[in-house]
1. Just for region B:111-137: of the residues that are surrounded by 21 or more Cβ atoms within 10 Å (Cβ to Cβ) and aliphatic (A, V, I, L, M), which one is nearest to B:GLU204 (Cα to Cα)?
2. What number of residues in region A:26-53 are over 24 Å from A:SER338 (Cβ atoms) and of a type in the set (Ser, Thr, Tyr)?
3. If I go through region A:261-289 residue by residue, how many of them are surrounded by fewer than 24 Cβ atoms within 10 Å (Cβ to Cβ) and at positive phi?
4. Any residue in region B:195-208 that is part of a strand (DSSP E or B), facing chain A (nearest Cβ under 7 Å) and closer than 22 Å to B:LEU84 by Cα?
5. Give the residue, chosen from A:LYS223, A:LYS232, that is in contact (Cβ under 8 Å) with a residue 60 or more places away in the chain, surrounded by fewer than 19 Cβ atoms within 10 Å (Cβ to Cβ) and within 30 Å of A:GLN169 (Cα to Cα).
6. Residue by residue through region A:89-113, note down the ones that are within 12 Å of another protein chain (Cβ to nearest Cβ) and either of a type in the set (Ser, Thr, Tyr) or closer than 26 Å to A:ARG166 by Cβ (or both).
7. Within region B:5-24, can one find any residue that is more than 14 Å from chain A (Cβ to nearest Cβ), modelled with pLDDT of 75 or more and buried (at least 17 other Cβ atoms within 10 Å of the Cβ)?
8. Does region A:80-123 hold any residues that are part of a helix (DSSP H, G or I), surrounded by fewer than 20 Cβ atoms within 10 Å (Cβ to Cβ) and β-branched (Val, Ile, Thr), and which are they?
Amino acid sequence: MMANAPDIIPDVYVVADNILSPIGSTTVENLASLQTGVSGVKAQSRPAISNESFVASLFDDEQIKVIDKSYTRFESLLVSSITDALSGLGENFLNEKTGLIISSTKGNIDLLETEAHNDELNQRIALHTSAQIVADCFRIKAKPVVLSNACISGVMAILTGLRMIRSGQYDQVIVTGADVISKFVYSGFKSFQALSAEVCKPFDKDRAGLNLGEGAATVILSKNKLSDSDVKVSSGAISNDANHISGPSRTGHELGFAIKKALLDAGIASNDIGYISAHGTATNYNDEMEANAINFAGLQRVPLNSLKPYYGHTLGAAGLIESIIAIHAIKTGQIFSSLGYTESGVTQTVNVVTELTNTNITHALKTASGFGGCNAAMVFSK
Amino acid sequence: MRSKPHRVLGVVMQQWFLASNMSAPKYITSACIISNDTVTLNGEQSFAGDNSGVDSFLLSVYQHFQLSYPKFHKMDRLSKLGWLAAELLLQNFDSAYYQPEQVGTVLANANSSLDMDLKYYDSISDVPSPSLFVYTLPNIVAGEICIRHHFKGENAFFVQPKFDAEFIQGQVDQLLDQNILQACICGWVDVLGQAYEAKLYLVEKIKKDNAVEFAADQMK
């Protein structure tokens, strides 16, 4: 039966990537920061965002390159990130079979804080306006796709890109995402009492909420493997809790379902997964739900970390940044310490990595969950 | 490596579904359009408002159809609009026919959650409200529909300059053809100020009375 299966379904590879964050403007720089335990999360004094100082991972102005004065901060981040990701791929890499997917939760919403409000501003804020600006910048003819699915946007954007290549619509897809932290976003998370006054501690007994973070990231997906070390995007799945718009499932079964479905679609079993990059926001509810889901899927012994103590929660960029780190974990076998973790604060077992670990990883799992009850799981493979 | 039965099954299933050009037929089994002060169900106008504005109109739809869901009154306009359209769309839906994970949503709009973003932003000089902030994401309307109808399948929210029916059809085709979902609510739900439009379609693989074949043209 296997022999008869037509071999027309292309595998999809990650052929290039970029992480643009306060701790590095390339993936290499970011990996170097993580290796030495450097975090972007620190006390910030930003009167434009909050009158009080707060803990977050934010860009300094000079870290954001001005490419074109008409670009917003959000668009500059996307363009810089894509430019770096494409830099090693040659002049002719982009063609008419190239797609573009953009992931963000709030895009240009910070313009509300600096610009006069009118219909023109409404258009300027629209995510599809930014998407067209980015597409035009890289002369991409395809209609850009914008995915805005709360905090699973970045992971889901990769899944969407995977499907677009598998369906034959595109040969390569640029998947990019970013979010900036503004007064709008900060005040909202603060009103939820979701913010920690110190660097967040995912899965720890003393965890006290999340930190916000700024960042952008890009993966270039292709049906053609360009290097032997290129990692494959194997599968992904999405589910909804159908429980509460701002609180996660009590059982974790829905994220667990997405994980199990992703494993089934990848044709692997739970013990094939060598590393889990968790969502791990360090809120009480998220980490407990995620631990339940991981147990439900039989993954409780798999080494796991959350990168939120390094980056904060970068919203629409988080799934991309964290997937890129997982992709490089497969390449190098290196799993970074889940900073600040000392003792479990969730009721189910999870194997949190507390020191830089070298191992062999064939398959890695990335999970994410967000407001609206959405959950995502992706499998990347050697 | 020892061949594991579930591994082989998973790969075979995936290959088969992905390779299969013979996609299962799909039908629009229900359609609900709410715009211009009217509700149109399966092509027939079933309610008209009295041009008293979006908030009053949405409430009058809720009352006219004698709906009872206290949480409705806490929702923002986008969620109210999408929730109402889904409620009417699903009047004859037999949810027992599906597992919760087999039903999902693929939605799009132009203005994301900007209608609520403006309202929330106006409030933050006073005391920022978590109950407003939670609606400053476009996919919350999908969450509200999933909670109401106990749908646990994939849900996606796309932002587009205008309703791209071909794109939405492509997304839904993939989800149903690859058996990721067996039924999907898809379409457009957009609100900004007094302007609003919902066009929702229920797509299933079973043919029902008055069902039309699922195609982008049927959503225009």
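1. Keep residues of region B:111-137 that are surrounded by 21 or more Cβ atoms within 10 Å (Cβ to Cβ), which gives B:111-117, B:120-121, B:133-137.
Filter once more, so that each one left must be aliphatic (A, V, I, L, M): B:114, B:116, B:134, B:137.
Working: B:LEU114: 31, B:MET116: 32, B:VAL134: 31, B:LEU137: 27 Å.
Checking each candidate, the answer is B:LEU137.
2. At the first step, the residues of region A:26-53 found to be over 24 Å from A:SER338 (Cβ atoms) are A:45-53.
Within this subset, residues satisfying the condition of being of a type in the set (Ser, Thr, Tyr) are A:45, A:50, A:53.
Residues that pass the stated criteria total 3.
3. Within region A:261-289, residues that are surrounded by fewer than 24 Cβ atoms within 10 Å (Cβ to Cβ) and at positive phi number 1.
4. Let us first name the residues in region B:195-208 that are part of a strand (DSSP E or B), namely B:195-204.
From what is left, the residues that are facing chain A (nearest Cβ under 7 Å) are none.
No: zero hits.
5. Going through A:LYS223, A:LYS232 in turn, the sole match is A:LYS223.
6. Keep residues of region A:89-113 that are within 12 Å of another protein chain (Cβ to nearest Cβ), which gives A:99, A:101-113.
Result: A:GLY99, A:ILE101, A:ILE102, A:SER103, A:SER104, A:THR105.
7. The first filter runs over region B:5-24 and keeps only residues more than 14 Å from chain A (Cβ to nearest Cβ), leaving B:24.
Subsequent filtering for residues that are modelled with pLDDT of 75 or more retains B:24.
Then drop every residue that is not buried (at least 17 other Cβ atoms within 10 Å of the Cβ), which leaves none.
Scanning region B:5-24 turns up no residue that is more than 14 Å from chain A (Cβ to nearest Cβ), modelled with pLDDT of 75 or more and buried (at least 17 other Cβ atoms within 10 Å of the Cβ).
8. Once the filter is applied, which keeps residues that are part of a helix (DSSP H, G or I), surrounded by fewer than 20 Cβ atoms within 10 Å (Cβ to Cβ) and β-branched (Val, Ile, Thr), region A:80-123 yields only A:THR83.
The values are calculated or read from the model by the stated rules, or taken from the named source; none is laboratory data. All values reported here derive from a predicted model rather than from experimental measurement. Cβ sites come from the backbone with ideal geometry, for glycine too, and all protein chains shown count toward neighbours.
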